[in-house]
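Notes for the one structure printed next.
The values are calculated or read from the model by the stated rules, or taken from the named source; none is laboratory data. Source: prediction; values computed, not measured. In this analysis, Cβ positions are derived from the backbone assuming ideal geometry, glycine residues included, and neighbour counts consider all displayed protein chains. Side chains are part of the model used for accessible areas, which takes the heavy atoms of the whole protein and leaves out ligands, DNA and RNA. Shrake-Rupley method; radii C 1.70, N 1.55, O 1.52, S 1.80 Å.
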Amino acid sequence: MKRLLTIMAVLSLPVYSISQSPAAKALVAKMTLEEKVNLVVGMGMNIPGLNNGAPVVGQTADKVPGAAGTTFAIPRLGIPATVLADGPAGLRIEPKRKDDPRTYYATAWPVGTLLASTWDTELVGKVGRAMGNEVREYAADVLLAPALNIHRNSLGGRNFEYYSEDPLVAGKMAAAMVNGIERNGVGTSIKHFAANNQETNRNTVNTILSERALREIYLKGFQITVKEAQPWTVMSSYNLINGTYTSEDYNLLSTILRKEWGFKGIVMTDWFGGKDAVAQMKAGNDLLMPGRPDQKKAITNAVIQGTLPGSVLDLNAGRIVDYILGSPAYKKYAFSNKPDLKAHAALARTAASAGIILLKNENQALPLKNNLRLAAYGNTSYSFIAGGTGSGDVNEAYTISLVQGLETAGYQLNNEILNTYKKYLDDYTAQHPKKEFIREMMDPTPAAPEFDKYSALLSTKTDLTDAALITIGRNAGEFRDRKKENDFYLSEQETSLIKNVAEAYHQKGKNVIVVINSGGMIDIASWSNYADAIVLAWQGGQEAGNAVADILSGKVNPSGKLATSIPVRYEDEASSKNFPGIEFPEKASTGMLGMKAIPAEVIYEEGIYVGYRYFSTFNIKPAYAFGYGLSYTNFSYGALKLSSPLLHGKISAGISVTNTGKTAGKEVVQLYITAPGKTLDKPAIELKAFAKTKLLAPGETQTLRFEISASDLASYDATRSVWVAEAGEYQLKAGSSSDRILQTAHLTLAKEVITEKCHKVMAPTVTFNELKK
């Protein structure tokens, strides 16, 4: 694939401002320079495990222990401190407090990949509303979530936090989450803006990509979220885009985000993000988190010396005041510290089961019959992974394992196998205790090697059990991406386990079910023939084991669908050729928290051809296609009917779905388009809409309707800086996955339509070798 990168001149624009409330303007006018500077720089951060727990930067007020940071209070003006807390899978705070017998656990919700796999924005909104309730009742003001970066590569360390490889799915899920959370009168911070698709060298990597790829793939989800949900805050990312740190990029933060999209809130940095505090102020990055004394000094000196206009600082400070005036802290909300964790756990279980994906089901392996005797193999069957590590982790009261969930559902687990695994895992944990949070995040304790002394168990327990379950677990998180060996690809022990268990049980005519407990993708194609059923359980939060048991037992009919393609081989992914980029170790320095900072760059050579856009266009067959997922029932689709074959303004598309099986179930209808592709290169198909049916009884039919406008057909033309729908005939394709199209209709656009004019903001692409000059 050719390295075609759009080279465009920087457009010099005046500072773009938004109207502020009279109250905010009046308060800023009363502030001293010191107070304004304090307001735009956070109050520092306590980091457990470093510096004996003392603040390592600035000063911080631990209003909510374990929260990520606070804004500065100005008591004489009635401006309180506000609390910002992680994270994407639930509120992250300390569960126990000094000299306090009470506990402050939060709900560990299913991770982003699972929630997106529900394809159910209404359900995601309910999760958001419950999550926001915990934020409010535990006295936080902003939840640093949701995260909606694109699954560019299967090895992305934080993919579990993100929703999809597709920006429409990511945007719709994030908008639903934001609207749900903010109904509680608390804020969100959508992150990480933008093109932050790897952890390797995340603070220093220069992401080089075309403006079309940036706008169509990596910004589109954020644009959808801003327009449909108007989050309180946006978090800029660590990386550079074409040579400029995102937190210092005026065109990204002010021209695109505010002027083009109409964003009304504040922009904050990711923690310790960027380099130049003054450049961040000028770019429209209002709040620097967690805040450092040197940033305050730099901003103060710049104002005094005239290199930072006071009007810019006033604008940044005014936006922050507007945010504070809407916060629970300002309104003196009487928080309870008692959210309804029991009700939230029940919702977490419902959400988890809705996003679990049935990838394979042969020999009537599932659902399991009642009261079966089961053998559970694999470490993770006994130590389920609720969610990823780092800021996306949650301090929950418990996590239900697969074995616990199955026992609760009435299945008989072989005790000798259970006790053997439990002893092995307990011994390993005792010898490898986890470290304090920040040290564990930076240097994770290795998971126990897969238990491999199971031969004697197989020889004696196969006759005594009716089926075998094997769980393969994976975890990942901040600071590092995953690896191909022993991570994406199974380890030798794991492969042998699946093969040996399958051979033993198949010789007896018994089924083997493999459960995948992972936040991201793993290789499945190389071993799938050994399994009778494969269930992708993702990381389902604290109720994960119960949710998987609900699916395995048939209590819940699986309706999850992949929001990210699973390749046959890692090497089949377009980005595998350049992920995670190249390093320049000769320029290494000391960076965040004393870690080594190595300048790096990554070129997004694949452009817009990410995930299914690449597979479908270049005829590369994935192991499991985007949108794929099985059910215990079957569905048929009626004809795809358009309100008009000609597009003038908007048309509606309708399709009926009928449950033709014997079990009640839900179906996800995905609406793709194939464009003429005469004036711009276009993917073979692109998702433009989706909807999930209600629970359909056997024989029941539901009609789903979609609206299509020229904006849905448009692509970004970087040469003209416009979104344009080209003239010609479009194919609208309704299917149950990207490679299973069931109905097609034709739509004609008589002439080209420019749906949006944009500013020419893309800087020339700058490589590291050019930067260091």
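Figure the gain on full extension for Val568 and Ala697 (residue separation times 0.36 nm, minus the Cα-Cα span) and round it to one decimal in nm.
42.9 nm
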Worksheet, complete the sentence: Rounded to one decimal in Å, the inverse mean reciprocal Cα-Cα distance for the range 624-696, i.e. its Kirkwood radius, is 14.6 Å
Worksheet item: Over the chain, with a single point scatterer placed on each C-alpha, what log10 of the ratio I(q)/I(0) does the Debye formula yield at q = 0.08 1/Å?
Response: -0.65
Item to complete: At 20 Å minimum axial length over the Cα atoms and a Kyte-Doolittle cut of 0.5, report the qualifying DSSP H helices in the chain, or say none.
Response: 167-182, 310-325
Worksheet item: How long is the range 234-304 along each principal axis, judged by its Cα atoms, biggest number first, in Å?
Response: 33, 23, 20
Worksheet, complete the sentence: Contour minus Cα-Cα span, Lys555 to Gln493, at 0.36 nm per residue, comes to 19.1 nm
Worksheet item: In whole Hz, what ³J(HN,Hα) sequence does the range 154-164 give by Karplus (6.51, -1.76, 1.60; θ = phi - 60°), x for Gly and Pro?
Response: 5, 8, x, x, 10, 4, 4, 6, 8, 8, 6
Worksheet item: Carbon and sulfur together cover what percent of the accessible area of the chain at a 1.4 Å probe radius?
Response: 50 percent
Worksheet, complete the sentence: Residue-normalised 222 nm signal for the chain, counting each DSSP H run of n ≥ 4 as -39,500 (n - 2.57), nearest 500 deg cm²/dmol, is -7500 deg cm²/dmol
Response to the item:
Kirkwood-based Rg/Rh on the Cα set of the range 163-224 evaluates to 1.03
Worksheet entry | For the range 183-342: span of alpha carbons on each principal axis (Å, largest first) | 46, 41, 30
Worksheet item: Could you give the radius of gyration (one decimal) and Dmax (whole number) of the Cα atoms in the range 251-391, in Å?
Response: 25.1, 78
Item to complete: List the equivalent ellipsoid semi-axes of the range 104-168 in whole Å, largest first, each obtained as the square root of 5λ for an eigenvalue λ of the Cα gyration tensor.
Response: 23, 14, 10
Item to complete: With N denoting the number of residues in the range 181-265, provide Rg(C-alpha) divided by 2.2 N^0.38 Å, to two decimal places.
Response: 1.08
Worksheet item: Say a paramagnetic label sat at a point 7 Å from the Cα of Ala727, along Cα to Cβ; which residues of the range 631-647 have their backbone N under 19 Å from it?
Response: 645-647
Fill in: Eligible lysines near Lys297 by straight Cα distance, threshold 19 Å, same-chain separation 8 or greater
Lys36, Lys275, Lys282
Item to complete: Starting from the Cα gyration tensor of the range 430-568, multiply each eigenvalue by 5, take the square root, and state the resulting semi-axes largest first in whole Å.
Response: 27, 20, 16
Fill in: For Gln280, net neighbour charge (Lys/Arg +1, Asp/Glu -1) across residues whose Cβ lies under 10 Å away
-2
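Once fully extended, how much extra length lies between Ala430 and Arg97, figured as 0.36 nm per residue of separation less the alpha-carbon to alpha-carbon distance?
117.4 nm
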Discussion item. My understanding is that a pair violates if its Cα-Cα distance is over 25 Å; which of Lys25/Lys126; Lys650/Lys757; Lys360/Lys666 do that in this structure?
Written reply: Lys25/Lys126
Worksheet item: Quick one: what does P(r) look like for the range 488-537 with 10 Å bins over all Cα pairs, in whole %?
Response: 25, 58, 17, 1
Fill in: the range 449-585 - share of DSSP beta bridges that are antiparallel (%, nearest 5)
10 percent
Worksheet, complete the sentence: Relative contact order in percent for the range 86-211 (Cα pairs under 8 Å, 6+ apart) equals 28 percent
Worksheet item: Mean separation of Cα pairs under 8 Å and 6+ residues apart, divided by the residue count of the chain: what relative contact order is that in percent?
Response: 16 percent
Worksheet item: Measuring with a 1.4 Å probe in the full set of protein chains, what accessible area per residue, in whole Å², belongs to the chain?
Response: 38 Å²
Worksheet item: What whole-number value in cubic angstrom gives the convex hull volume per residue for the C-alpha atoms of the range 615-773?
Response: 155 Å³
Worksheet, complete the sentence: Cα-based Rg/(2.2 N^0.38 Å) for the range 317-404, rounded to two decimals, is 1.74
Item to complete: Two decimals is fine: what is log10 I(q)/I(0) at q = 0.12, 0.18, 0.21 Å⁻¹ for the range 107-238, from a Debye sum with one equal scatterer on every Cα and no solvent?
Response: -0.42, -0.92, -1.22
Item to complete: Could I have the simple spin-label model distance between Ala456 and Asn337, label points 7 Å from Cα toward Cβ, reported in nm to one decimal?
Response: 5.1 nm
Discussion item. Taking the square root of 5 times each eigenvalue of the Cα gyration tensor, what semi-axes in Å does the equivalent ellipsoid of the range 466-514 have, largest first?
Written reply: 29, 11, 5
Practice prompt. Please list, or write none, the lysines whose alpha carbon is within less than 16 Å of the alpha carbon of Lys760, excluding same-chain residues fewer than 8 places away.
Written response: Lys259
Worksheet item: If you count the DSSP beta bridges with both ends in the chain, what percent of them are antiparallel, to the nearest 5?
Response: 60 percent
